[in-house]
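*Asks:* Please see the structure below; I have some questions.
The values are calculated or read from the model by the stated rules, or taken from the named source; none is laboratory data. Keep in mind that this is a model prediction, so the values were computed, not measured. Every residue, glycine as well, gets a Cβ built from its backbone with ideal geometry; the counts of neighbours run over all protein chains shown. The accessibility values were calculated without ligands, DNA or RNA, using every heavy atom of the protein model including side chains. Shrake-Rupley method; radii C 1.70, N 1.55, O 1.52, S 1.80 Å.
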Amino acid sequence: MDDCIFCQIGQTQADTHLYSDERCFVIRDIAPSAPTHLLVIPRQHVTSLQAADPAQEVLLSHLITIAEQMARQEQVHQSGYRLVINQGRDAGQGVDHLHLHVLGGKQLPPLG
Ligand code: AMP
Ligand code: ZN
């Protein structure tokens, strides 16, 4: 998708990738809401979790596996971290390319 910022970053900004493989890459969020705020982004343009096909189950689990690996690399695996996928308007999804947030490095606000 030519007009998708995450597709563009995946294709052209390899120097910003903290991790990269054939299925996904990881960048730092441009507007971090925690000291560690990473985005795990599939290379395939899937607009949202809702749009993911059941056949992409393996890809979804890969994103979580890489998130766990990145949390370890960022040294937040012992203090704790949060994984977030914003789905749609009510969740405030701002980029229509599926991504997994990895948040840590501080006490995160309770969800409820
Ligand atoms: P979401 O609200 O779940 O769609 O999250 C989108 C995230 O992408 C936000 O936290 C933005 O700060 C982040 N973001 C948008 N553009 C960029 C960019 N060019 N580089 C890194 N992060 C970005
Ligand atoms: Zn895209």
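*Asks:* Which is outside any strand (DSSP E or B), open to solvent by 60 Å² or more (accessible area, probe 1.4 Å) and within 16 Å of ligand 2 (Cβ to nearest atom), of GLN78, GLN44?
*Replies:* GLN44 is the lone residue from the list that is outside any strand (DSSP E or B), open to solvent by 60 Å² or more (accessible area, probe 1.4 Å) and within 16 Å of ligand 2 (Cβ to nearest atom).
*Asks:* Just one of the numbered conditions (1) within 16 Å of ligand 1 (Cβ to nearest atom); (2) without any contact (Cβ under 8 Å) to a residue 60 or more places away in the chain; (3) farther than 26 Å from LEU108 by Cβ is not true of VAL84; which one?
*Replies:* For VAL84, the failing item is (3).
*Asks:* Separate question: Residue by residue through region 6-33, note down the ones that are surrounded by 14 or more Cβ atoms within 10 Å (Cβ to Cβ) and either among the hydrophobic types (A, V, I, L, M, F, W, C) or within 13 Å of ligand 2 (Cβ to nearest atom) (or both).
*Replies:* Once the filter is applied, which keeps residues that are surrounded by 14 or more Cβ atoms within 10 Å (Cβ to Cβ) and either among the hydrophobic types (A, V, I, L, M, F, W, C) or within 13 Å of ligand 2 (Cβ to nearest atom) (or both), region 6-33 yields PHE6, CYS7, ILE9, GLY10, LEU18, CYS24, PHE25, VAL26, ILE27.
*Asks:* For region 90-104, indicate whether the set of residues that are on the phi > 0 side of the Ramachandran plot, within 11 Å of ligand 1 (Cβ to nearest atom), exposed (fewer than 13 other Cβ atoms within 10 Å of the Cβ) and part of a helix (DSSP H, G or I) is non-empty.
*Replies:* No.
*Asks:* Ok, one more. Mind telling me which of the residues SER61, SER48, SER79 ends up being in contact with a strand residue (DSSP E or B) (Cβ under 7 Å, 6 or more places away or on another chain) and polar (S, T, N, Q)?
*Replies:* Working: SER61 fails: in contact with a strand residue (DSSP E or B) (Cβ under 7 Å, 6 or more places away or on another chain); SER48 fails: in contact with a strand residue (DSSP E or B) (Cβ under 7 Å, 6 or more places away or on another chain).
Sole residue among the options that is in contact with a strand residue (DSSP E or B) (Cβ under 7 Å, 6 or more places away or on another chain) and polar (S, T, N, Q): SER79.
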